[in-house]
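In what follows, a structure is listed as C-alpha cells, so that the remarks can point back to it.
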Amino acid sequence: FNQLTGDIPSEIGNLTNLTSLHLRFNQLTGEIPSEIGNLTSLTSLSFYKNELTGEIPSEIGNLTSLISLTLGYNELTGEIPAEIWEMTNLTYLYLISNQLTGEIPVEIGNLVNLTYLGLMMNELTGEIPSIIGNLTNLTSLYLSDNQLTGEIPSEIGNLTNLTKLYLSDNQLTGEIPSEIWGMTNLNHLKLSNNRLTGEIPSEIGNLTNLIILKLNGTIGEDNQFTGEIPPEMGNLTNLTHLNFSQNQLTGEIPVEI
C-alpha cells in the first residue's frame, strides 16, 4: 500500500531470516527474481496487485515452509511451475488475474492442506483433473474465466467443506454431476457461461445455504439447460442472486420461488 516502483532487486535473496514478505498494492515491475528461492524461512509471500511480468521462477519451490502464496493481479505469463505442486504446506494459493497458461496437472492433488485455491482469470486449458477431489480441506475453489474444457468431474463432490465454487466462463460441457447437489455448505455456486446441458434436478433444493446461484449464459455463450425449474427451488430461502437466463428452460415459473 505504497507507491513503490521499479524491479524487485535480486539482493532481496539475502534476507534469509524473513518469515513474511508482503509487497502488495504497489507499482513494481519486471520479473520475480529467482533469488526469492533463498528465503527458505518464509511462511507468507505476497506480491498481489503490482505490474510484475515474466514467468513464476521455479526456485519458488524452495520455499517449502510457505503456507500462503499470493501473486494475483499481475501480468505473469507461462505455465505454473511444477515445483508449486510440491509445496505441500500451502493452505492459500492465489494466482488470480494473470496470463498463466497450460493445464492444471494431476500433481495438484498433492496440496491436500489447501483451503483456498484461486486460479481464475488466466488462460488455463485442458480438463479439471478428477484428483482435485483429494483437496478435501478446500473451502473456496475459483477456476472461472479460463479456457477449461471437458466435463465437471464427479469427484468435485468430495469437497464437502466448499462454500464457494466458481467454474463460470469456461468451455465446460456435459451435465452438472449429481454429487454437487450434496455439497450443502455451498453459499456461492457459479457455473454460468459454459456449454452445460441437462435438467436442473429437484435435488438443487438441498443447497439451502446458497446465497448466489448462477447457471446462466450470455449471447453466444449459452448454457443449454432444459426442462422445468424445479419447485424445490423454493427451499433456497437465503438466495440474494439467482440467474437462469439464456438457457432452454420450459414450463412455468414455480410459485415456490
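The candidate values were (i) 17.6; (ii) 13.5; (iii) 19.0; the one computed from these coordinates for mean projected area of the Cα convex hull in nm² carries the label (ii).
For Gly54, nonlocal amide neighbours, meaning residues 5 or more places apart or on other chains whose placed amide H falls under 5 Å from its own, are Thr77. Count Lys and Arg as plus one, Asp and Glu as minus one, and take only other residues whose Cβ is under 14 Å from that of Glu228; the net charge is then -4.
A crude spin-label estimate for the pair Val112 and Glu75, with each label 7 Å from Cα along the Cβ direction, gives 4.1 nm. Applying 1/(1 + (r/R0)^6) with R0 = 30 Å to the Cβ-Cβ distance of Glu252 and Glu151 gives a FRET efficiency near 0.50. Taking Cβ atoms as reference points and 12 Å as the exclusive limit, the residues near Tyr142 contribute a net charge of 0, counting Lys and Arg as +1 and Asp and Glu as -1. Counting only lysines at least 8 places from Lys164 when in the same chain, those with an alpha carbon closer than 22 Å to its own are Lys190, Lys214. Does a label point 7 Å from the Cα of Thr226, set along Cα-to-beta-carbon, have any residues of region 179-204 with amide nitrogen under 17 Å, and which are they? Once the point is set 7 Å along Cα→Cβ of Thr226, 195-202 turn out to lie under 17 Å by backbone N, inside region 179-204.
Computed extension gain for Ser202 through Ser58, at 0.36 nm per residue and net of the alpha carbon distance, reaches 47.2 nm. When only alpha carbons are used to place a centre, region 105-159 and region 177-246 end up 19 Å from one another. Placing a label point 7 Å from the Cα of Glu11 along the Cα-to-Cβ direction, the residues of region 23-61 with a backbone N closer than 19 Å are 23, 28-39.
Since every read-out is calculated from the coordinates, none of them should be taken as a lab result. Every value quoted in this text rests on a predicted model; they were computed, and no experiment measured them. Heads up, the Cβs are rebuilt from the backbone with ideal geometry, glycines too, and the neighbour counts pull from every protein chain shown.
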